[in-house]
1. Could you sort T372, T253 by accessible area so the largest value comes first, with the probe set to 1.4 Å?
2. ³J(HN,Hα) across region 6-20 via Karplus (A = 6.51, B = -1.76, C = 1.60, θ = phi - 60°), whole Hz, x for Gly/Pro?
3. Return the percentage of antiparallel bridges among DSSP beta bridges fully within region 1-112, rounded to the nearest 5 %.
4. Two decimals is fine: what is log10 I(q)/I(0) at q = 0.12, 0.18 Å⁻¹ for region 387-472, from a Debye sum with one equal scatterer on every Cα and no solvent?
5. Mind scanning K2/K664; K400/K575; K269/K473; K93/K139; K63/K324; K35/K358 and naming the pairs with a C-alpha gap bigger than 26 Å?
6. Can you pull out the chymotrypsin sites (Phe, Trp or Tyr not before Pro) in region 13-54 that DSSP calls coil and that have at most 16 other Cβ atoms within 10 Å?
7. Give the accessible area for F209 in Å² (nearest 10); use a 1.4 Å probe, count only protein heavy atoms, and leave out ligands, DNA and RNA.
8. Taking the Cα centre of region 519-627 as origin, work out the dipole magnitude from +1 charges on Lys and Arg Cβ and -1 charges on Asp and Glu Cβ, in debye rounded to 20.
Amino acid sequence: MKKYSDKVDKIVYGGDYNPEQWPEDIWMEDMRLFKEAGIDIVTLNVFSWAAIQPSEEEYDFSKLDRIMEMVQKNGLKVCLATSTGAHPAWMAKRHPDILRVDFEGRKHKFGGRHNSCPNSPAYQKYSVRLAGKLAERYKDYENIVAWHISNEYGGECYCENCERAFRVWLKEKYQTTRELNRAWNTSFWGHTFYDWDEIVLPNALSEHFEPERSMFQGITLDYRRFNSDSILNCYRMEYDAVKRVTPDIPVTTNLMGFYPALDYQKWGKYMDVVSWDNYPDADAAPAEIAMQHDLMRGVGGGKPFLLMEQTPGVTNWHTYCTLKRPGVMRLWSYQAVAHGADSVMFFQMRRSIGACEKYHSAVIDHVGNGETRVFKEAAALGKELRKLGGELLGAVPNAKAAIYFDWDNWWALNCTAGPTTDLDYKAQVLDYYKALHGLNIPVDFVGAEDCLDKYKLLIAPVLYMTKSGYDEKVRRFVENGGTFITTFFSGIVDEHDLVITGGYPGRLRDILGIWAEEIDALPKDKENRFDYNGKTYPARLLCDLIHPEGAKTLGAYQKDFYAGMPAVTVNEFGKGKAYYVATRSDEQFYRAFLEDVCGECGIGALLESADGIEVTERENENGRFLFLLNHRDSAAEVRVEETCVDLLAGETVGGGTEVKIEGKDVKILRVNQ
């Protein structure tokens, strides 16, 4: 696997640096402390638009010039941002079309960030112009290893610019109002449109009875797609502006994991390398953090990604700003590396003194020296990353199991009316991911367009939306020997959120060998039960009432009028098998079920380990690497059959012996070939 940049020879270490917020006499002290901490890359210019462009035609790069010269002289690599994530106040005053209108129909004033309408001609003009000027000015700096477009794109806009652009987007997609009316089922409630100008944006003033739930899901679903495309277009225009000048420098923007507003699978196609910001709660389960890393690697086409931001200590915007306990920053940094990160970067380098992030942790705290616990932990990690060098660069996991995740499916589930408001798509995905994570089985995330040839197992929890052609992809996968798992409330609608008639689960019916006649929604305080392999497990949330049509029943409901009906089935189809889990259950079920299925598929654990010990794998031309991460407070031992070199300790381990890992510790083992 190729490195994202020929200018890097190790996992880069650093993060967001905002020297413009500080007097220049502090800058050289920062350079000294960076060297002490092993920092070798800084992200610059993230929020400097107002400083660089004080008026309509005036640009002042003098301070950024001094900063760029300083970091170059001090041997630091640069991830150079275009600073377009927050427009200047004068721009909002001169060009009010740049300001967003929210879901309630209120036009915002200048303030905060992410307040630029993606369809504002003024925003597009000035953001692209600034990106091009930055590229021209700094194109000869050899230490620029990546462009960072804007910052954490997100949000929505419902202004007149967006409404006009939405109509254009719809006309390009549907060509005729007749086809649009069919796709949106506008014969319901007399919504038929005869002219494109009759269409309005779906928000609190039109189609929504709740922020998420819509009376016309097809309209809301298309708006979600349009909004994601509109913001992506802003990114792509800046991408093109810097690429015209610096074609060999990779371009990225920082994503945010399972962020609902943007279709990252589509965004990943236009990013030279995916990067993302990891800010889990202090008590987040290791599997939940790992799942986001794997998703980000997946949207980047399976290539290594960049950890663009994390906090070295405390996150200031959580409800309870809990400190990262000793060792956790290092552990979570290596967890990112274990799942495919080729960088470890922080927000921020020096702690701000004002505004909403002044209590967000930094490598250099308000005290301004290297004597803090956080700084010392950062310096220790910097030393280790120097020792690792380029061993891991470009390495990727070799997963044989994949989980299907789709933003269109997520949006459609969120805005539908029924069958329960408790249905959380991400939570259903986590149920299956967590079980595989606990079994130390590597997982890739795939979307509708990704190839399935390398996988033995495909899991698609709550595959509510079956896009045109995806059933054929699944059908070929199973016919050729693959194993497919899906769940309740699957195969219900097409890509327009129109029900596929002829019985649930629609186009998947022959593959699964079942007919789901009805769906029972259970309140949070109610549950059914079902049996599986001689044990009884809870049935929660939704219970599909299914009839086998060739499938074999592996477990049946035990209560209510549908007692005895199948809850878990398997259908032999071609050379493969297709499983249907008709309800939501608990961790014990998912672990037992997936251990059985993976055993049948020939997918084994990387290593056997106790709970709380995460095992992952990456592989490149330098070899195969095992990561052992102890998320527990107490020490543990893991038996490693292969002979390995412990890259951090510099000793030979394994060969059929136990490897001891202290609490919150990490082992990176290169397997001897």
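1. Accessible-area ranking of T372, T253, largest first: T372, T253.
2. Per residue, the Karplus-derived 3J(HN,Hα) values read 6, 8, 10, 10, 7, 5, 5, 9, x, x, 5, 10, 10, x, 5 Hz.
3. Expressed as a percentage, antiparallel bridges in region 1-112 total about 10.
4. The Cα Debye sum returns log10 ratios of -0.46, -0.87.
5. From K2/K664; K400/K575; K269/K473; K93/K139; K63/K324; K35/K358, over 26 Å: K2/K664; K93/K139; K63/K324.
6. none
7. 100
8. Computed charge dipole of region 519-627: roughly 320 debye.
The values are calculated or read from the model by the stated rules, or taken from the named source; none is laboratory data. As the structure is a prediction and not an experimental result, all values here were calculated from the model. Because the Cβ atoms are built from the backbone with ideal geometry, glycine has one as well, and the counts that use them run over all protein chains shown. Ligands, DNA and RNA are excluded from the accessible area calculation, which covers all protein heavy atoms including side chains. Shrake-Rupley method; radii C 1.70, N 1.55, O 1.52, S 1.80 Å.
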